[in-house]
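Structure first, commentary second.
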Amino acid sequence: MVVDRINSALRRLPTWPIYIVGAAGGPWLFYLALTGGLGPEPIKALEQELGLLALQFLMASLAVTPLRRLIGVNALKFRRALGLLSFYYVTVHLAVWLLIDVQVPALIWEDMVKRSYITVGMAGFFVLVPLAVTSNRWSIRRMGPLWDRLHKAAYAAVVLGALHFFMLRKGIQIEPLLYMGGAGLLIGLRWPRLARPRNRLRESV
């Protein structure tokens, strides 16, 4: 079966290339910003591209479980890497805004108060912080069932991230709506009813 061949290939693939290849987008974007490859407003473009990568990696990490439940593709070994890469990009995204774009502490607070999309984005970042800190085997062992409940907060983070992107864009645009729809789909796929057909099929084989 195709799924079996995919799973066999995934089992042989180590996780470290995911970290290296995934993280390489950050330095590349900074290089483009410095060399004029991001257009006339490189800082704004850099912020947006870093934020999009953060959202994309987060959505990819949350898609791992539905892929396994619905079509049998098992990429669970890569879920932690995808989640940590999301946190890496959202941290760099925030650092660019704080240290390069705004710079003045008083303006940072003023922007957070006046611009609701920044408040939403910051909320998403703070949701991800404890998830990144506890994304290790020691925390899994120490926290037990609490770890799983805590990491379900990633679904709140993906909604906040997609909403941040939607609010950031002026007017109604297709791309932010697609991310909002993707976030909603990922949450919808968590409902047990959508996972049952696959479970019943497995039990009958």
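The values are calculated or read from the model by the stated rules, or taken from the named source; none is laboratory data. All values reported here derive from a predicted model rather than from experimental measurement. Backbone-built Cβ (ideal geometry, glycine too); neighbour counts: all protein chains shown.
Points to keep in mind about this one:
- Filtered residues of region 97-122 (kept if closer than 24 Å to G22 by Cα, under 17 Å from the mean Cα position of the chain (by Cα) and without any contact (Cβ under 8 Å) to a residue 60 or more places away in the chain): M122
- Test: L94 is touching a residue at least 40 places away in the same chain (Cβ under 8 Å) and either of a type in the set (A, V, I, L, M) or touching a strand residue (DSSP E or B) at 6+ places or on another chain (Cβ under 6 Å) (or both): no
- T134 vs. criteria among the polar types (S, T, N, Q) and over 12 Å from the mean Cα position of the chain (by Cα): yes
- Within this structure, L160 fails the test of being assigned to a helix (DSSP H, G or I) and either modelled with pLDDT under 95 or polar (S, T, N, Q) (or both).
- Residues satisfying the stated conditions in region 93-113, i.e. within 19 Å of G51 (Cβ to Cβ) and either basic (K, R) or outside any helix (DSSP H, G or I) (or both): Q103
- A106 being within 19 Å of K152 (Cβ to Cβ) and of a type in the set (A, V, I, L, M): no
- Annotation note: of W28, W16, the sole residue that is modelled with pLDDT under 95 and aromatic (F, W, Y) is W16.
- Comparison of L52, L84 shows that the only residue that is surrounded by fewer than 18 Cβ atoms within 10 Å (Cβ to Cβ), within 10 Å of the chain's Cα centre (by Cα) and not acidic (D, E) is L52.
- Residue tally, condition of a type in the set (D, E, K, R) and either in contact (Cβ under 8 Å) with a residue 24 or more places away in the chain or over 16 Å from I187 (Cα atoms) (or both), over region 138-155: 2
- The helices (runs of 4 or more DSSP H) found wholly in region 1-63 and carrying at least 2 residues that are without any contact (Cβ under 8 Å) to a residue 12 or more places away in the chain, farther than 14 Å from F78 by Cβ and of a type outside the set (G, A, S) occupy 2-12, 25-34.
- Members of region 64-77 that are in contact (Cβ under 8 Å) with a residue 60 or more places away in the chain, over 22 Å from L128 (Cα atoms) and in a helix (DSSP H, G or I): R69, L70, I71
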